[in-house]
Amino acid sequence: MRCFIFDVDGTLVTLNVDGDKLRTAMGEELNRLGFDISFIQAGGYTQDIIDKAKLQIELGDVEADFENVKATLYRVLDELELRWNEKSEPIDGVAEVLTGLRRREKGVKLATLTNSGRAPSELLLRKYDLLKHFDYTFSRDELPYMKPRPEAVLHALATMGVPKDDALCIGDSVVDVRAAKGAGVRIASVVTGRYSAERLRAEGADYVVGSLSEILDLPH
C-alpha cells in the first residue's frame, strides 16, 4: 500500500456536525441571492445543493457568477465549522496509528481528504499536532467536487501520483464509502456510532473496523 487517505471529521477527530444547520444556513444565503431553495431537503448532501444552485444559473433562472456564489456558501460553511471545532477532540490513538503506518510502510504517503474548508480543517489538524504527519491535505477549497462525488478521491490520487490499486481510503461515513467506491478505491470504514457496521458493509466498504487503531491490523 503506497497511500492512505483519511477523512478528518469523525475519523481523526470527533466533531458534532449538524447537517440540518448546514443546509439551513446555505438555504438562507441562496434565498437572499434570489435562488429557489425548494429543492433543499433533509439529509441532502452539500454538494447537491451547490450543483442545483449552479443549474439555476446555467438555466438563466438566476443571474449570478457561480464561483462567487460558491465562495459565499463556503464562507458560510467555514463559519459554522470553525464554531463546531471548539468542541472537538482527537480520536483515541490517532497519532500512534499515523506513526505506525509510517513505520510499517516504507515511503508511504499519508493524506487527508475532507469536505470541510481548508481553514477549519487545518485548524483541527494543527490544534492536535496532527498536520505534521501528512504529506498532503485536501479540503473542499481545492477539490473539484466534494464527497460523495468520486472526483474528490480521483483528484487527490492524481495530485499525489498514486494509482487506485495502491491507495486505501479511511473514513467513518456513507459519504466516504460512496466516494471511494465510485473512484474504484478500497475503503476501510471505522464504526464510530454514526453508522452501523451493517450499513457500512451494505454500502460496499472493503473493511469495517471497530476503532481507528485497527487500521494497523489490516493486510499490507
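So which residues in region 183-204 are of a type in the set (A, V, I, L, M, F, W, C), free of Cβ contacts under 8 Å to residues at least 24 places away in the same chain and touching a strand residue (DSSP E or B) at 6+ places or on another chain (Cβ under 8 Å), if there are any at all?
Step one: filter region 183-204 for residues of a type in the set (A, V, I, L, M, F, W, C), giving 183, 185, 187-188, 190-191, 197, 200, 202.
Add one more test, that the residue is free of Cβ contacts under 8 Å to residues at least 24 places away in the same chain, and what stays is 187, 191, 197, 202.
Across region 183-204, the qualifying residues are I187, V191, A197.
Working only within region 53-64, note down all residues that are surrounded by 18 or more Cβ atoms within 10 Å (Cβ to Cβ) and within 20 Å of R140 (Cβ to Cβ). Don't jump to the end; show me each part of the working.
Initially, region 53-64 is screened for residues surrounded by 18 or more Cβ atoms within 10 Å (Cβ to Cβ), giving 53, 56, 62.
Answer for region 53-64, where residues must be surrounded by 18 or more Cβ atoms within 10 Å (Cβ to Cβ) and within 20 Å of R140 (Cβ to Cβ): just A53.
Quick one: V162 ticks every box in (1) in contact (Cβ under 8 Å) with a residue 24 or more places away in the chain; (2) in a helix (DSSP H, G or I); (3) β-branched (V, I, T); (4) more than 21 Å from V17 (Cβ to Cβ) except a single one, so which number is it?
(2)
Can you go through E96, E67 and tell me which one is surrounded by fewer than 15 Cβ atoms within 10 Å (Cβ to Cβ) and without any contact (Cβ under 8 Å) to a residue 12 or more places away in the chain?
Details: E96 fails: without any contact (Cβ under 8 Å) to a residue 12 or more places away in the chain.
Only one candidate passes the filter, namely E67.
Pick out the one residue from R103, R75 that is assigned to a helix (DSSP H, G or I), surrounded by fewer than 20 Cβ atoms within 10 Å (Cβ to Cβ), at pLDDT below 95 and more than 16 Å from the chain's Cα centre (by Cα).
Working: R75 fails: at pLDDT below 95.
None of the others qualify; the one that does is R103.
Could you grab me the full set of residues in region 99-120 that are out of contact with any Lys or Arg (no Cβ under 9 Å at 6 or more places or on another chain) and within 21 Å of A180 (Cα to Cα)?
L101, A111, T112
I'm trying to understand the selection: among the residues of region 107-141, which are over 15 Å from the mean Cα position of the chain (by Cα) and among the charged types (D, E, K, R)?
If the condition is that a residue be over 15 Å from the mean Cα position of the chain (by Cα) and among the charged types (D, E, K, R), then K109, R126, K127, D129, K132, D135 are the ones that fit.
Among (1) part of a helix (DSSP H, G or I); (2) crowded, with 16+ Cβ neighbours inside 10 Å; (3) under 20 Å from the mean Cα position of the chain (by Cα), there is one condition F4 misses while meeting the rest; what is its number?
Evaluating F4 over (1) part of a helix (DSSP H, G or I); (2) crowded, with 16+ Cβ neighbours inside 10 Å; (3) under 20 Å from the mean Cα position of the chain (by Cα) leaves (1) as the failure.
The values are calculated or read from the model by the stated rules, or taken from the named source; none is laboratory data. Treat the numbers as computed from the prediction; the structure is a model and nothing was measured. Here the Cβ is made from the backbone with ideal geometry for all residues, glycine too, and neighbour counts use every protein chain on show.
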